[in-house]
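One structure is given here, and the rest of the page talks about it.
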4 protein chains.
Amino acid sequence: MSTGRMEAFSDGVIAILITVMVLELPTPHGTTWSALHDALPVLLTYVLSFVYLGIYWNNHHHMLQATARVNGLILWANMHLLFWLSLIPFTTAWMGENNFAAVPAAAYGIVLLAAALAYFALQTTIIRDQGPGSLLAEAVGRDRKGKLSPFVYVLGIALSFVDARLAVAVYTGAALMWLIPDRRLERTIAAHAEASD
Amino acid sequence: MSTGRMEAFSDGVIAILITVMVLELPTPHGTTWSALHDALPVLLTYVLSFVYLGIYWNNHHHMLQATARVNGLILWANMHLLFWLSLIPFTTAWMGENNFAAVPAAAYGIVLLAAALAYFALQTTIIRDQGPGSLLAEAVGRDRKGKLSPFVYVLGIALSFVDARLAVAVYTGAALMWLIPDRRLERTIAAHAEASD
Amino acid sequence: MSTGRMEAFSDGVIAILITVMVLELPTPHGTTWSALHDALPVLLTYVLSFVYLGIYWNNHHHMLQATARVNGLILWANMHLLFWLSLIPFTTAWMGENNFAAVPAAAYGIVLLAAALAYFALQTTIIRDQGPGSLLAEAVGRDRKGKLSPFVYVLGIALSFVDARLAVAVYTGAALMWLIPDRRLERTIAAHAEASD
Amino acid sequence: MSTGRMEAFSDGVIAILITVMVLELPTPHGTTWSALHDALPVLLTYVLSFVYLGIYWNNHHHMLQATARVNGLILWANMHLLFWLSLIPFTTAWMGENNFAAVPAAAYGIVLLAAALAYFALQTTIIRDQGPGSLLAEAVGRDRKGKLSPFVYVLGIALSFVDARLAVAVYTGAALMWLIPDRRLERTIAAHAEASD
């Protein structure tokens, strides 16, 4: 079974998630700049979630480029990842509408944590299927970012109960860590493409 | 007419359904864990519906892999299936927001039943068009799960009026039955692919 | 310019329209069958709109199969059709929530009329570009249904002010007229495909 | 890395944005023409935003046709454009629901301005990657419209505080400027396609 339709389905779900969040943005009450200012926590949370979904789309894109085929187990590991990503608009709305209160900020981190673990599980499932000498296994390497992220989210969840702004700062830091381009996967795929020419 | 565009359209509709349900999740009232706890029936119903739509996407994917061409009748049988699937967010919201009350739980089962019958009708329409010796006819075989499911849903609908939690347990059981991978279709397609090499 | 991306974009928009309507379905108030009964006008309007969008997707699919290339004007004629189709969820909600009142029923018909004219304009734009001897020109033929439909919608709009249920009956009749398969386009394409073998 | 999946993802997001706006259209209160008349500012704003998103889709389509490959930076420049486009439904709802009040009209223009700058940045990033002799660099040429637009939006933003209807008139004018087909890009691509035959 080729990766085509799973890729298209995942793209569809992530594209929808990234855009339906905007439906949750409540129209500001009033027509002043201060009405827009009141909507700022919601808007900032939206930006953070937009970036996270963008990172997941990007990484998912790269991972599937290094994947040759899928089976039933991979399809469900992918569905499991999409499930946790689909909860991001829910926690985004809850955290944004409550000015970064403690429990919503922790819930936001728990969904990020679960999505990170689901991504790791999907990656492991694919590598197990394709073998340790596969392109993906080589490209992923020691996967330092992937192994570090869960601990960062756990830190953020704990900090929610000290000051939720600290938690949001930690989540933002983790997003920035992912935004710094990780050339390894791109280079390995490029090297492989040249070698096979 | 090839299956490409019907496949893409169905993927689009199912991807949208699976994600718009999250828009129906009401933001919890308050910022405590107990506020999240109150949202639990809605969240659990969401999980169940997510799994059902995932199963339909998966089975639809496999069915169309064994389908060579489509005609007008098949297009409409597919549209009919999508119609019933599109009502799942509606019954999900109704059942979730009412703590599994009797009538909403029965309505949830009725939509599942109608979707199952629509899937069966689509499968029959395709087999009739492609002939009894076709790949799909062979792969489907005696289709025990497909024939058993409607009776399970009828049982769930009846149990709604005894205790709606029993109905939800039955629907969950039916979903688990489908999650256990059915290797036959996958194997038949793989065998066929090898034979034609 | 090939038709691929315009086809994909149109499929996306129609798939989204057909599914977002379900978000407009208000969750029934209460947990009884009579609560569901009160939601009946909304549900029936949803069914009618679902069928109309299904018909448009189907016809659009066939039309583009007989289209070789697109230009800027065709892209905008297509966008114009999508605009009117995008108003269907709006008039669906208005008519459904008001028990088929006169003005909403007329507005529903006006959007159907505008969509029909936009479809006709798109078809004419494509035929003008591809020439009178083109496959599409031949397949469309005298286009009796396409020319009849606008008059049927005008009749429905007028009848809205007599009794809106008559208007809905007329709209339903027009949908049924389109559901009866029109083998001509399918046959012409098939004949052409055989001839070119 | 080919442009395929980035194209599909962008199409998906724009298709969803253009259609979710219709969900923001509030159902008119009452069943009279005057109820529809009250919804007119919202409907007109919807039309304007629909046209803008249509223009972006169209231009994006043409730009990627002249793009051979993408890299990580281009993916993020594209994501940045999609972010600003995703705020259009938000400012559309705010401006529409407040009868073109000053601050919402300015906010509408600010999002248009940011989207125009993001489009310009994406175009520059692609040209830098493909080289000054590339097809896109040649097709874009001096890009008068692209360089003029930001100043038009700034003018609109300023006029919001004089009379918001002037601002809306300026935004409408800018949209019309883009609707007038710009044959250069289309011609350059066509010429190039012929030359390579």
> With every protein chain in place, what's the accessible area of B:ASP163 (1.4 Å probe, Å², nearest 10)?
Replying inline: 50
>> So the label point sits 7 Å from Cα along the Cα-to-Cβ vector; using that for D:PRO26, what distances do you get to the other copies, in nanometres, sorted shortest first?
In response: 1.4, 1.4, 2.0
> Cβ under 10 Å from B:THR67's Cβ, B:THR67 left aside: what net charge do those residues give with Lys, Arg +1 and Asp, Glu -1?
Replying inline: -1
> How large are Rg and Dmax for the stretch C:68-121 when only the alpha carbon atoms are used, in Å?
Replying inline: 13.7, 45
>> Just to verify a number: what accessible area does B:PHE120 come out at with the full protein assembly present, 1.4 Å probe, Å² rounded to tens?
In response: 80
> Taking a ≥ b ≥ c as the square roots of the eigenvalues of the Cα gyration tensor of the protein assembly as shown, is the shape rounded (a/c under 1.5), prolate (a/b larger than b/c) or oblate?
Replying inline: rounded
> Using a Gaussian network for chain A with springs between C-alpha atoms less than 10 Å apart, which of these wobbles most: A:SER34, A:SER134, A:SER149?
Replying inline: A:SER34
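Might you report the magnitude of the Cβ-based charge dipole of chain D about its Cα centre, with Lys and Arg at +1 and Asp and Glu at -1, to the nearest 20 debye?
Rounded to the nearest 20 debye, it is 420 debye.
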> Can you give the direction-averaged projected area of the convex hull of the alpha-carbon atoms in chain B, in nm²?
Replying inline: 11.9
> For chain B, modelled as a GNM with alpha-carbon contacts under 10 angstrom, which of B:LEU81, B:LEU136, B:LEU44 fluctuates the most?
Replying inline: B:LEU44
> For chain A, with every protein chain kept in place, what is the accessible area per residue (1.4 Å probe, Å²)?
Replying inline: 40
>> From zero outward in steps of 5 Å, how is the percent of C-alpha pairs of the stretch B:29-80 spread across the bins?
In response: 4, 15, 14, 16, 11, 9, 9, 7, 7, 5, 3
>> Tell me the mean residue ellipticity at 222 nm calculated for chain B from its helices only (DSSP H runs of n ≥ 4, each -39500 (n - 2.57), averaged over every residue, nearest 500).
In response: -26500 deg cm²/dmol
> For peptide C:162-173, how many partner chain Cβ atoms fall within 10 Å of a residue's Cβ, on average?
Replying inline: 0
> Of B:ILE127, C:ILE180, A:ILE14, which has the most accessible area with a 1.4 Å probe, and how do the rest follow in descending order?
Replying inline: C:ILE180, B:ILE127, A:ILE14
> Residue farthest toward the positive end of the dipole of the protein assembly as shown, with Cβ of Lys/Arg at +1 and Asp/Glu at -1: which of C:PRO28, C:LEU112, C:ILE126?
Replying inline: C:ILE126
>> Using a Förster radius of 41 Å, what is the FRET efficiency between B:ALA169 and C:ILE180 based on their Cβ-Cβ separation? Nearest 0.05, please.
In response: 0.40
> Taking the Cα centre of the protein assembly as shown as the origin, how large is its charge dipole in debye, to the nearest 20, when only Lys and Arg (+1) and Asp and Glu (-1) carry charge on their Cβ atoms?
Replying inline: 640
>> Please check the stretch D:24-42 for residues whose accessible area, probe 1.4 Å, is lower by 20 Å² or more when all protein chains are in place than in their chain alone.
In response: D:GLU24, D:LEU25, D:THR27, D:PRO28, D:THR31, D:TRP33, D:LEU36
> For chains C and D, what's the summed buried accessible area, probe 1.4 Å, to the nearest 100 square angstrom?
Replying inline: 2900
>> List, shortest first and in nm to one decimal, how far the label point of D:LEU148 (7 Å from Cα along Cα→Cβ) is from its counterparts in the other copies.
In response: 4.9, 4.9, 7.0
> Helix C:40-65 sits at what angle to the longest principal axis of chain C, using alpha carbons and giving 0 to 90 degrees rounded to 10?
Replying inline: 0
>> For chain B, set up a GNM with springs between Cα atoms under 10 Å and report which of B:LEU82, B:LEU73, B:LEU53 has the largest fluctuation.
In response: B:LEU73
>> Using a label point 7 Å beyond Cα on the Cα-Cβ vector, give me the inter-copy distances for D:ALA137 in nanometres, one decimal, shortest first.
In response: 4.3, 4.4, 6.2
> Normalized C-alpha radius of gyration of the stretch C:28-130, against 2.2 N^0.38 Å?
Replying inline: 1.34
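On the accessible surface of chain A, probed at 1.4 Å, how many percent belong to carbon and sulfur atoms?
With neighbouring chains kept in place, the figure for chain A is 65 percent.
The values are calculated or read from the model by the stated rules, or taken from the named source; none is laboratory data. On a predicted model such as this, the values are computed, not experimentally measured, just so you know. We place every Cβ from the backbone using ideal geometry, glycine too, and count neighbours over all the protein chains shown. Just the protein is used for accessible areas: all its heavy atoms, side chains included, with ligands, DNA and RNA removed. Shrake-Rupley method; radii C 1.70, N 1.55, O 1.52, S 1.80 Å.
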